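> Could you have a look at this structure, given as structure tokens, before my questions?
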Amino acid sequence: MMRSELFQCLIAGPCSAETRSQILQTAEGLRDLPLSYFRAGIWKPRTQPGAFEGIGNEGLVWLQEVREKFGFKICTEVATAEHVKAAVEHQLDMVWIGARSTVNPFTVQELAEALEGTRIAVMVKNPVNPDLKLWLGAIERLERHQINVIGVIHRGFSVYQKTKYRNNPHWQIAIDFKQARPDLPLLMDPSHIGGRAALIGPLAQQALDLHYDGLMIETHCNPKHALTDAKQQISPNELATIFNALEPRPKNDQLSLVLTNLREKLSSIDDSLIELLEERMNLSYQIGMLKRSHNSPILQVEHWEATKRIFIEKALQSGLAMEFIEQFIKMIHEESLRIQLDINKEHHAS
Ligand code: PEP
Ligand code: MN
């Protein structure tokens, strides 16, 4: 199998168009890769105002130059009817609807109306929140306006807590999407899922293992100095290295899908456990400080006995094994005591 056949669709290019030379240099670096589209954000949806919000229409001309010089098809994100108008005027080959737009049916409606009759290809990123129906609904809204060249991009879902990934992949949603709409190409965006350059390679391999139809990867000629998403962008050379290292694996669809999904869930639960333990120990420390300032004893046996009893009762109701639960709460308690005793040691030492 040729490398170029691993995926049906490879999209690469910077998060944002910044300057003409940045765009041309990035495209130059990508010229030997089998790109289906060269991407660049022209209007950037930023979390906070005041940051770089995209170069605007001028960047569309640079994209046209990329197409002329390197033969790549070109695409950008649209979020308003005005963006669609500009993209059509500059004859873009594809536009995508970003996660912050897919989430809003009014926006998708506006875009569907603006796109009707343009024959431009459209890719729909998943909404920022983990809602399969909303994602499917956005596609249906486009189809009602006779937009029929559609693909979808899985870019993960917003999280509040810090995890390994910038966005929680919720693999099951992508798998369910594929099941609901096997007719649509499903791409993965490892850049926005991972949020870090180091995660792009493993996620791209996972996309291959899970039989995604393609990848969208943010690529910048000088990632460290990118004006947006600097941590997750990789250079064209790094993309080539990742692409060349991808290994087609023997197919065992069902098993690999289920295993990946379950392992991701486990790892996200482990992340939560760590966070909760950290939070619990911080609280123990605060209580220890209070006890010290009021000169009250660290171990209050009755309170500990009651805490343990209630914990065990609740845990048993959840079907957890008595022996495990008892050991678990004892270990946590021991660590809390150690933290509080250390406060006193520090106090006496000073
Ligand atoms: C992007 O692709 O640069 C982008 C803003 O993506 P998302 O909508 O996935 O956040
Ligand atoms: Mn980005």
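> Quick check on this structure: which one of LYS224, LYS231 is within 16 Å of ligand 1 (Cβ to nearest atom), in the same structural domain as GLY41 (by TED's automatic domain parsing), under 30 Å from GLN25 (Cα atoms) and of a type in the set (Lys, Arg)?
Of the residues listed, the single one that is within 16 Å of ligand 1 (Cβ to nearest atom), in the same structural domain as GLY41 (by TED's automatic domain parsing), under 30 Å from GLN25 (Cα atoms) and of a type in the set (Lys, Arg) is LYS231.
> For residues that are within 18 Å of the chain's Cα centre (by Cα) and of a type outside the set (D, E, K, R), scanning just region 212-222, find the one that is surrounded by the most Cβ atoms within 10 Å (Cβ to Cβ).
By that ranking, first place goes to THR219.
> Follow-up question, since we're still on this one. What is the residue count in region 77-101 for residues that are more than 12 Å from ligand 1 (Cβ to nearest atom) and not charged (D, E, K, R)?
11
> I would also like to ask the following. Filter region 29-55 down to the residues that are among the small types (Gly, Ala, Ser) and surrounded by fewer than 13 Cβ atoms within 10 Å (Cβ to Cβ), then identify the one that is farthest from THR19 (Cα to Cα).
Going through the qualifying residues, I end up with GLY50.
> Related question: Of all residues in region 253-273, which are free of Cβ contacts under 8 Å to residues at least 24 places away in the same chain and surrounded by 11 or more Cβ atoms within 10 Å (Cβ to Cβ)?
VAL258, LEU259, LEU262, ARG263, LYS265, ASP270, listed by residue number.
Yes or no, residue by residue, for (1) surrounded by fewer than 23 Cβ atoms within 10 Å (Cβ to Cβ); (2) free of Cβ contacts under 8 Å to residues at least 60 places away in the same chain; (3) assigned to a loop (DSSP other than H, G, I, E, B); (4) not assigned by TED's automatic domain parsing to the domain that holds LEU10:
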residue	(1), (2), (3), (4)
CYS75	no, no, no, no
GLU82	yes, yes, no, no
LYS85	yes, yes, no, no
SER101	no, yes, no, no
ALA114	yes, yes, no, no
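> Pick out the one residue from ALA204, ALA138, ALA197 that is assigned by TED's automatic domain parsing to the domain that holds PHE7, surrounded by fewer than 21 Cβ atoms within 10 Å (Cβ to Cβ) and of a type in the set (Gly, Ala, Ser).
It is ALA197.
> On to the next question. Can you tell me how many residues within region 171-194 are surrounded by fewer than 21 Cβ atoms within 10 Å (Cβ to Cβ) and either without any contact (Cβ under 8 Å) to a residue 40 or more places away in the chain or not in a helix (DSSP H, G or I) (or both)?
Qualifying residue count for the region: 7.
> Got at least one residue in region 27-41 being in a strand (DSSP E or B), farther than 21 Å from GLU68 by Cβ, assigned by TED's automatic domain parsing to the domain that holds ASN244 and at pLDDT 95 or above?
No, because not a single residue in region 27-41 is in a strand (DSSP E or B), farther than 21 Å from GLU68 by Cβ, assigned by TED's automatic domain parsing to the domain that holds ASN244 and at pLDDT 95 or above.
The values are calculated or read from the model by the stated rules, or taken from the named source; none is laboratory data. Everything numeric in this text was worked out from a predicted model, so none of it was measured. In this analysis, Cβ positions are derived from the backbone assuming ideal geometry, glycine residues included, and neighbour counts consider all displayed protein chains.
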